[in-house]
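To start, the structure itself, in structure tokens.
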Amino acid sequence: MKYLAVIFVAGSLALGSLAWAGDGQAGGTSWPMFRGNQTLSGVTTARFPADPKLRWTHEIGEPIKSSAAIEGGRVYIGGDDGNLRALTLESGKEIWRFQTEGMIEASPLVLGETVYIGSGDGCLYALNQADGRLKWKYQTDDQILGSSNWVKAPDGKSTWILVGSYDFFLHCVEAQTGQAVWKYESGNYINGAPAVSRGRTVFGGCDALLHVISLADGSKVKEVPTGAYIAGSVAMVDDQVYVGHYECEFLCIDVEEEALKWKYRKRNFPYYSSPAVTDKWVVFGGRDRRLHCLDRRTGEERWEFAVRGKIDSSAVVSDGKVLVGSDDGRLYVVSLDEGKELWSYEIGGPITASPAVVDGWIVVGSEDGSVYAFGEGIESDDRQGDRVD
């Protein structure tokens with residue numbers, strides 16, 4: 001199998017003409033989107049609870065594969081029942097819910113006063129953050145399972161929302177109106193979220209290609225063959241793209257050096273988990289029942305952490321610790337330096353969703369049909385959140 005070099009041609013688009021996350025980190029009280037930030041790095045400056053206790057659960061009765069967003073003291077999360085729910089972070093009480101016509105596996109994007117969510121019914125919805133009222137919906141021609149991202153338009157006056165669909169297109173939509181700006185056609189389903197950095201968006205598809213797209217007009221910059229379809233989302237940090245694929249390899253592609261930087265293969269199990277990327281390490285789960293930590297520069301393995309089930313959940317890194325869920329029904333915290341277990345909690349049902357983290361709080365959904373919130377202090381006896389009327 002041959003790998004083509006990645007070439008970024010700036011053309012008339014100057015770097016910096018579109019917004020991107022400068023440090024690649026979320027932090028504090030905000031986890032507004034899948035992986036925490038526009039580069040999808042999965043790294044936050046928010047602190048994990050020092051001694052996590054289960055503070056509440058909220059049962060929806062259907063599996064939860066959607067990863068939560070947390071903003072303004074609220075948790076936003078979708079479920080296989082087709083509802084997007086807004087819950088209070090402190091208690092898990094329901095504030096509002098919005099019903100779509102399909103299951104929701106995507107993570108919400110919270111931007112300003114609006115929550116954006118894609119559904120299995122093929123629509124991207126824009127909802128009022130305060131009460132869940134529908135602002136607009138944008139119809140694609142197939143289901144949306146991946147999460148949305150955002151970018152400022154080149155003129156700096158408007159905001160664009162990016163989302164992939166099983167109709168093979170990456171769609172760019174004006175955030176206020178829901179009107180199409182441009183769309184880019186790939187060769188197969190788009191399952192993951194697009195990463196945004198320095199005037200480009202990058203995503204992997206079921207066409208076994210890594211797509212590098214100009215954000216200005218949706219034109220192709222480069223296609224990179226990867227040898228197998230990509231089910232997860234890439235991370236793009238410092239012009240390097242990190243991604244695993246179905247044929248059991250994990251890749252680092254350097255855009256500026258125009259080359260495949262390294263590839264990692266350990267066992268014959270695919271990678272669906274999206275990576276977390278720090279200044280030194282890249283951390284990702286595999287269906288080999290391992291959490292992997294590699295040297296970001298060389299791809300050399302630093303450690304493996306073994307669990308009892310596959311890891312499709314995407315890890316979050318903060319303050320020398322790694323947080324991840326597993327199909328074995330447990331949520332784990334391990335040390336970033338050594339890969340040693342520091343804490344775990346047995347939920348019981350498989351965890352394929354990725355955890356969301358803000359200061360002192362961890363929120364994650366499970367396929368057992370409940371949302372779980374862990375925080376500081378005494379474990380709650382009355383763990384089930386109630387609806388706020």
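The values are calculated or read from the model by the stated rules, or taken from the named source; none is laboratory data. All of these numbers come straight from a predicted model, not from anything done at the bench. Cβ: placed from backbone, ideal geometry, glycine included. Neighbour counts: every protein chain shown.
Has the stretch 292-303 got at least one residue that is basic (Lys, Arg) and outside any strand (DSSP E or B)?
Checked against the condition, which is being basic (Lys, Arg) and outside any strand (DSSP E or B), the stretch 292-303 yields at least one hit.
Which residues, taken from the stretch 214-236, are assigned to a strand (DSSP E or B) and crowded, with 24+ Cβ neighbours inside 10 Å?
Answer for the stretch 214-236, where residues must be assigned to a strand (DSSP E or B) and crowded, with 24+ Cβ neighbours inside 10 Å: Ala235, Met236.
With respect to the numbered conditions (1) within 15 Å of the chain's Cα centre (by Cα); (2) modelled with pLDDT of 95 or more; (3) more than 27 Å from Gly349 (Cα to Cα); (4) assigned to a strand (DSSP E or B), which one is the sole condition not fulfilled by Asn37?
It is condition (4) that Asn37 fails.
How many residues does the stretch 186-203 contain that are more than 14 Å from Asp217 (Cβ to Cβ), assigned to a strand (DSSP E or B) and not small (Gly, Ala, Ser)?
3
Have a look at Glu101, Glu71 and point out the one that is of a type in the set (D, E, K, R), surrounded by 20 or more Cβ atoms within 10 Å (Cβ to Cβ) and farther than 25 Å from Gly348 by Cα.
Just a single option satisfies the conditions, and that option is Glu71.
How many residues does the stretch 5-34 contain that are modelled with pLDDT of 50 or more, crowded, with 24+ Cβ neighbours inside 10 Å and assigned to a loop (DSSP other than H, G, I, E, B)?
2
Filter the stretch 137-173 down to the residues that are over 21 Å from the mean Cα position of the chain (by Cα) and acidic (Asp, Glu), then identify the one that is surrounded by the fewest Cβ atoms within 10 Å (Cβ to Cβ).
Once the filter is applied, the top-ranked residue is Asp155.
With the requirement that a residue be of a type in the set (A, V, I, L, M), touching a Gly at 6+ places or on another chain (Cβ under 9 Å) and either under 19 Å from Lys65 (Cβ atoms) or surrounded by fewer than 23 Cβ atoms within 10 Å (Cβ to Cβ) (or both), what does the stretch 189-213 give you?
Correct list: Ile190, Ala193, Ala208, Leu209.
Return a yes/no flag: does the stretch 177-184 have any residue that is in contact with a strand residue (DSSP E or B) (Cβ under 6 Å, 6 or more places away or on another chain) and either within 15 Å of Gln38 (Cβ to Cβ) or free of Cβ contacts under 8 Å to residues at least 24 places away in the same chain (or both).
No, the stretch 177-184 contains no residue that is in contact with a strand residue (DSSP E or B) (Cβ under 6 Å, 6 or more places away or on another chain) and either within 15 Å of Gln38 (Cβ to Cβ) or free of Cβ contacts under 8 Å to residues at least 24 places away in the same chain (or both).
Please count how many residues of the stretch 105-154 are at positive phi and in contact with a Gly (Cβ under 6 Å, 6 or more places away or on another chain).
Step one: of the stretch 105-154, the residues at positive phi are 112, 122, 132.
The next check asks that each one be in contact with a Gly (Cβ under 6 Å, 6 or more places away or on another chain); those that pass are none.
Result for the stretch 105-154: 0.
Restricting to the stretch 328-346, give me the number of residues that are in a strand (DSSP E or B), more than 22 Å from the chain's Cα centre (by Cα) and more than 14 Å from Ile362 (Cβ to Cβ).
2
Which one of Arg302, Arg296, Arg290 is touching a residue at least 40 places away in the same chain (Cβ under 8 Å), closer than 26 Å to Ile253 by Cα and of a type in the set (Lys, Arg)?
Result of the check over Arg302, Arg296, Arg290: Arg296.
Please enumerate the residues belonging to the stretch 252-263 that are aliphatic (A, V, I, L, M) and either modelled with pLDDT of 95 or more or in a loop (DSSP other than H, G, I, E, B) (or both). Please lay out each step first, then the result.
Start the filter on the stretch 252-263 by keeping residues that are aliphatic (A, V, I, L, M), which leaves 253, 255, 259-260.
Matches in the stretch 252-263: Val255 only.
Among the candidates Val322, Val282, Val317, which residue alone is touching a Pro at 6+ places or on another chain (Cβ under 9 Å) and not in a loop (DSSP other than H, G, I, E, B)?
Val282
Among the residues of the stretch 264-271, are any touching a Phe, Trp or Tyr at 6+ places or on another chain (Cβ under 7 Å) and outside any strand (DSSP E or B)?
Within the stretch 264-271, one or more residues are touching a Phe, Trp or Tyr at 6+ places or on another chain (Cβ under 7 Å) and outside any strand (DSSP E or B).
Pull up the stretch 55-76, narrow it to residues that are of a type in the set (A, V, I, L, M) and touching a strand residue (DSSP E or B) at 6+ places or on another chain (Cβ under 6 Å), then point me to the one that is farthest from Ser274 (Cα to Cα). Before you say what the answer is, go through the steps one by one.
So in the stretch 55-76, the residues of a type in the set (A, V, I, L, M) come out as 60, 64, 68-70, 75.
So of that shortlist, the ones also touching a strand residue (DSSP E or B) at 6+ places or on another chain (Cβ under 6 Å) come out as 64, 68-70, 75.
Details: Ile64: 18, Ala68: 15, Ala69: 16, Ile70: 19, Val75: 21 Å.
Selected residue: Val75.
Evaluate the following for Val283: is it within 25 Å of Gly205 (Cβ to Cβ) and either more than 18 Å from the chain's Cα centre (by Cα) or of a type in the set (A, V, I, L, M, F, W, C) (or both)?
Judged against the criteria, Val283 is a match.
So for the stretch 242-250 (the condition being assigned to a loop (DSSP other than H, G, I, E, B), closer than 22 Å to Ala353 by Cβ, in contact (Cβ under 8 Å) with a residue 24 or more places away in the chain and touching a strand residue (DSSP E or B) at 6+ places or on another chain (Cβ under 6 Å)), does at least one residue qualify?
Checking the stretch 242-250: not a single residue is assigned to a loop (DSSP other than H, G, I, E, B), closer than 22 Å to Ala353 by Cβ, in contact (Cβ under 8 Å) with a residue 24 or more places away in the chain and touching a strand residue (DSSP E or B) at 6+ places or on another chain (Cβ under 6 Å).
Sort through Gly156, Gly146 and tell me the only one that's in a loop (DSSP other than H, G, I, E, B) and modelled with pLDDT of 95 or more.
Gly146
So that you can scan it fast, the table gives a plain yes or no per residue for (1) farther than 28 Å from Val237 by Cα; (2) assigned to a loop (DSSP other than H, G, I, E, B); (3) over 18 Å from the mean Cα position of the chain (by Cα); (4) basic (Lys, Arg):
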{"site": "Phe48", "(1), (2), (3), (4)": "no, yes, yes, no"}
{"site": "Gly61", "(1), (2), (3), (4)": "yes, yes, yes, no"}
{"site": "Ser91", "(1), (2), (3), (4)": "yes, yes, yes, no"}
{"site": "Trp96", "(1), (2), (3), (4)": "yes, no, yes, no"}
{"site": "Leu124", "(1), (2), (3), (4)": "no, no, no, no"}
